[in-house]
1. Within a Cβ distance under 13 Å of Asp16, other residues only, what is the Lys/Arg minus Asp/Glu net charge?
2. How many nm is it between the label spots at Arg4 and Arg32, if each spot is 7 Å from the Cα in line with the beta carbon?
3. Measure nothing but the geometry: give the 0 to 90° angle between the long axis through the Cα atoms of 99-108 and the longest principal axis through the Cα atoms of the chain, rounded to 10°.
4. Select one label from [x] 16.3, 52; [y] 20.1, 65; [z] 14.1, 48: the one whose number is Rg and Dmax of the Cα atoms in Å as derived from the coordinates shown.
5. Using θ = phi - 60° and the Karplus form 6.51 cos²θ - 1.76 cosθ + 1.60, what ³J(HN,Hα) does each residue of segment 67-72 get, whole Hz, x for Gly and Pro?
6. With the crude spin-label approximation of a point 7 Å out along Cα→Cβ, what separation in nm comes out for Arg107 versus Arg91?
7. Report the net charge of residues surrounding Gly139, where surrounding means a beta-carbon distance below 13 angstrom and charges are Lys +1, Arg +1, Asp -1, Glu -1.
8. What is the sum of charges, Lys and Arg at +1 and Asp and Glu at -1, for the other residues whose Cβ falls under 14 Å from the Cβ of Met56?
Amino acid sequence: MGVRLDNVGIVVEDLDAAIEFFVVLGLECEGRASVDGDWAGRVTGLPGQRVDIATMRTPDGHGRLELSRFREPAPAADHRRAPVNALGYLRVMFNVDDLDTVLDRARALGAELVSTEVVDYRGVYRLCYIRGPEGILLGLAESIG
C-alpha cells in the first residue's frame, strides 16, 4: 500500500497575508478556491461551511500547505499562540537553503524568533522556530553538514 503526504492544513484569519508570508518563504501559490456545499460539510462535520482556501506548493513540488479561511462557521478555538509543547498538531518544518535570508524576509512581514537565537545542531543543521502571521509556528532548518 502506498502512502503519500498530500498537504498540511492551517486555518487563518487573513488568507492574503498568509499567502504572502509563505511566498516569502519560497512556496508558490498553486491555486485558490472557495469550498462549500453539502459534501464539504459531510467531510468535515461542519454543515453549511463556507471556506476560502489556497494551496501553497514547495519548489520541489512534493510538499503542500492548504491555507483555509472559514467564512462560516466562525472558528471554534484559537491555538495560534500555544507553546511549543502543547498537545496536537503544532508546527511545520521547512528546510531552506539560506536561513539568514529567509529570516530577514520573514521578519520584514512581522515574523519573530520563538527563542533568541538560531541554534547549531551538531554541525548538521542550523535550526530555529519562528512565529509568522497570526502566530503560526514554523520550524526552519538549513543543512550545514
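Any read-out appearing in this document is the output of simple, stated calculations on the displayed coordinates, not a laboratory observation. Quick caveat, the model's predicted, so the values are computed rather than measured. Because the Cβ atoms are built from the backbone with ideal geometry, glycine has one as well, and the counts that use them run over all protein chains shown.
1. -3
2. Between Arg4 and Arg32, the label points sit 2.7 nm apart.
3. The helix 99-108 is inclined about 50 degrees to the chain.
4. The calculated read-out lines up with [x].
5. 8, 10, 10, 7, 8, 8
6. Between Arg107 and Arg91, the label points sit 1.8 nm apart.
7. Working: positive: Arg91, Arg126, Arg131; negative: Glu142.
Overall, the nearby charge balance is +2.
8. Details: positive: Arg32, Arg57, Arg64, Arg69; negative: Asp6, Asp16, Glu20, Glu28, Glu30, Asp52, Asp60, Glu66.
It works out to a net charge of -4.
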